Amino acid sequence: MRLILLGAPGVGKGTQATLISKALSIPHVSTGDMFRYHISNNTDLGMKAKQYIEKGMLVPDEITVGMVADRLKQEDCQNGFVLDGFPRTIQQAIFLDKILKDLNIQLDMVINITLDDRNIISRLSGRRICPRCNAVYHIEDKPPKNDGVCDNCNAKLIQREDDKEETIIRRLQVYHSQSEPILEYYKNKVKIVNIESHKLIEVTTKRVFDALGVDYKMLNIC
Ligand code: ADP
Ligand code: ZN
């Protein structure tokens with residue numbers, strides 16, 4: 001299965017992509033996670049990307065598209081993948097078409113997760129993440145068992161620099177102007193399923209797996 005998850009920042013793409021990845025045994029390819037990995041390892045790519053990410057801007061294509069192309073060419077992506085955070089512009093969607101054509105593969109589905117801006121702002125400003133295992137929490141909706149500490153690996157949770165309110169507003173503007181038009185691009189090319197994000201993660205997950213035709217309760221992953 002070759003899938004793209006679309007949707008504004010904060011709709012829960014990353015959370016759903018992680019579950020899909022486990023359920024279908026396909027890699028979760030998240031450009032945001034890749035950038036954060038580079039940043040925490042102080043690579044050249046990370047240093048370049050950081051300046052943009054902290055301002056809520058998109059990382060330029062010269063940096064982003066090569067990174068994605070390299071990833072999709074790796075062995076573990078040959079039987080499928082779930083792309084999260086890419087493409088984010090029509091330019092990137094066109095570029096992805098070229099990569100897939102070179103690899104002689106086609107997309108199976110685009111899942112578009114929706115949520116209104118007001119809810120997005122409250123979700124993102126309360127979001128905390130684990131810098132070690134990428135687990136995602138929310139101070140009200142999904143608090144960790146022990147305050148400020150990851151349930152999985154005990155690392156101290158952090159707030160992403162780009163989850164500060166001003167940056168969130170900037171990211172939403174970027175989403176509406178640059179990323180939302182991608183839906184139009186995929187219309188009539190790939191099957192698109194729209195799913196409304198629910199406050200309860202498992203409700204959204206059920207909607208996602210229904211769209212995929214997979215009974216997720218049988219999979220024991222949640
Ligand atoms: P979110 O979906 O919550 O905004 P991500 O983790 O997907 O978070 O991305 C974080 C940041 O990384 C983005 O705001 C942007 O600066 C950068 N980024 C991620 N993916 C891309 C991409 N495809 N093109 C350009 N920049 C990107
Ligand atoms: Zn952790």
Boolean, Glu166 is away from ligand 1 (no atom under 16 Å from the Cβ) and in a helix (DSSP H, G or I): no
Among the residues of segment 47-60, which ones are within 11 Å of ligand 1 (Cβ to nearest atom), modelled with pLDDT of 95 or more and in a helix (DSSP H, G or I)? Ala49, Lys50, Gln51, Tyr52
Does Arg127 count as surrounded by 20 or more Cβ atoms within 10 Å (Cβ to Cβ), modelled with pLDDT under 95 and within 15 Å of ligand 1 (Cβ to nearest atom)? yes
Given the criteria touching a residue at least 40 places away in the same chain (Cβ under 8 Å), away from ligand 2 (no atom under 16 Å from the Cβ), outside any helix (DSSP H, G or I) and aliphatic (A, V, I, L, M), does Leu107 qualify? yes
Checked against (1) touching a helix residue (DSSP H, G or I) at 6+ places or on another chain (Cβ under 9 Å); (2) modelled with pLDDT under 95, Met34 satisfies every condition except (2)
Count, please, the residues in segment 1-36 that happen to be more than 10 Å from ligand 1 (Cβ to nearest atom) and of a type in the set (Lys, Arg). 2
Given the conditions (1) touching a residue at least 40 places away in the same chain (Cβ under 8 Å); (2) open to solvent by 100 Å² or more (accessible area, probe 1.4 Å); (3) basic (Lys, Arg), which single one is not true for Lys156? (1)
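Could you list, in sequence order, the residues of segment 166-176 that are under 22 Å from Ile113 (Cβ atoms) and open to solvent by 80 Å² or more (accessible area, probe 1.4 Å)?
Arg170, Gln173
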Does at least one position in segment 143-162 carry a residue that is within 21 Å of His198 (Cα to Cα), away from ligand 1 (no atom under 14 Å from the Cβ) and of a type in the set (A, V, I, L, M, F, W, C)? no
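Residues checked against (1) touching a Phe, Trp or Tyr at 6+ places or on another chain (Cβ under 9 Å); (2) away from ligand 2 (no atom under 12 Å from the Cβ); (3) not hydroxyl-bearing (Ser, Thr, Tyr):
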position: Leu115; (1), (2), (3): no, yes, yes
position: Arg118; (1), (2), (3): no, yes, yes
position: Ile121; (1), (2), (3): no, yes, yes
position: Leu124; (1), (2), (3): no, yes, yes
position: Arg127; (1), (2), (3): yes, yes, yes
position: Pro131; (1), (2), (3): no, no, yes
position: Val136; (1), (2), (3): no, no, yes
position: Ile139; (1), (2), (3): no, yes, yes
position: Lys142; (1), (2), (3): no, yes, yes
Subset tally (residues that are free of Cβ contacts under 8 Å to residues at least 40 places away in the same chain and of a type in the set (Gly, Ala, Ser)) for segment 17-38: 1
Of Asn134, Asn119, Asn112, the only residue that is outside any helix (DSSP H, G or I) and open to solvent by 20 Å² or more (accessible area, probe 1.4 Å) is Asn134
If Asp108 satisfies every condition in (1) within 14 Å of ligand 1 (Cβ to nearest atom); (2) touching a Lys or Arg at 6+ places or on another chain (Cβ under 9 Å) but one, which is the exception? (1)
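The values are calculated or read from the model by the stated rules, or taken from the named source; none is laboratory data. Computed from a predicted structure; not experimentally measured. With ideal geometry, Cβ positions are generated from the backbone for all residues, glycine too; neighbour counts draw on all protein chains shown. Please note that ligands, DNA and RNA were not included when accessible areas were found on the heavy atoms of the full protein model with its side chains. Shrake-Rupley method; radii C 1.70, N 1.55, O 1.52, S 1.80 Å.
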